[in-house]
Amino acid sequence: MPFNLKNLFIGAVLLLFIGVAYAEQTETENEQPQVEDKIIDQKSLKKEESERVKKVFEGIAERNRTAKKSPEWLKEAYSSVRPRKLRDIPKEEYKTYRNYIAGKDVYVIVHPGFYAFFDARAVSPSKDNIGEFPSLNIFERLTFEISPKDLNMRVMKEQERLLRDFLEYMSTENKLVILVLPRDYKDHVSYGYAGLDEYARYINEMTNMSGSILYLESQTHNNGVIEKEDLDILTSFLNEIGVKRVLLGGGYLGKCIDDFYESIRKTFKYEDVYFVTEISAISPNDMVSDSINLLTKSGRINFRGVRKYLKVNGIATDNPDEKPKFRRLTLYKVYR
């Protein structure tokens, strides 16, 4: 996917202001500072943080244009999924990951890139190579040309952009994110595994091979259920580093994310698990786009439309009394 710094920065600043508003509310409730001081502090924070965020994304753009387009980087990206597997981390190392969390929240991303790698069938071959490797990854090839009339694919591409930007930012800032990857994914990729591990490249590009990104595997490639052993390890890890809230994203709402929700609810309270609207995807195959507009005129996600869609189509939970809770993406606490 061609990197658009302008759009990326606009999105980042929007998230910043959402985050500042959330932080302001928290301050008012807990510390109740003087109104005049609070206004001055927030204005100063907006300017300072917007400049800092801009520089972060400028660095990301430069890295995507240069380092990630080298044969050396691509060779490593294709070699294997580089985030560390949670099962492989000794318990005595858990506490070191306290340095990677902000506050008491952790983001868990279920099955990133699922449509492009496990649902889609027609993927064009790469037209250009960098050394022996394709210049574009599978997702970029799949979405290189999308008809303006193909609303479902346009929504899918925009959903992926939001998640990719989020993971690029979090990994660059060395903030903890846990991925739930499809088990034995090489046996199930829809494009056909033929020597080059395209899914590994995709994951490594989004996460920048950062030490703050970890992963575990789902029970199968097409559900988000976590095996008991993995759930026990995950719960022990999160308790050790002081996590109180689990924030869910990835794909898809109504499917694999819901499966993971049911798994994590066995060890985390209902009030401590949230779905994050901006980074939770709806399956293009299931999208009811004729009655609900999921995109704005500018081609961005219409979050009012998303909420309306979810009210109409619902989210599957085992307990009908538990209404899934949604939370807007708040990066303020992540990068402050």
_Calculate the FRET efficiency for Val123 and Arg84 from the Cβ-Cβ distance with a Förster distance of 51 Å, rounded to the nearest 0.05._
0.95
*Spin-label model distance (nm) - Val225 vs Glu173, 7 Å beyond Cα toward Cβ*: 3.6
*Go through Lys269/Lys323; Lys104/Lys175; Lys55/Lys157 and tell me which ones have a Cα-Cα distance over 21 Å in this structure.*
Lys55/Lys157
_Three principal axis lengths of segment 81-335 [C-alpha, angstrom, descending]_ = 48, 46, 33
_Label-point separation in nm, Lys266 to Glu132, each point 7 Å along Cα→Cβ_ = 4.3
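Each value in this text was obtained by applying a stated rule to the coordinates, not by laboratory testing. If you're wondering where the values come from, they're calculated on a predicted model, not measured in any experiment. Cβ sites come from the backbone with ideal geometry, for glycine too, and all protein chains shown count toward neighbours.
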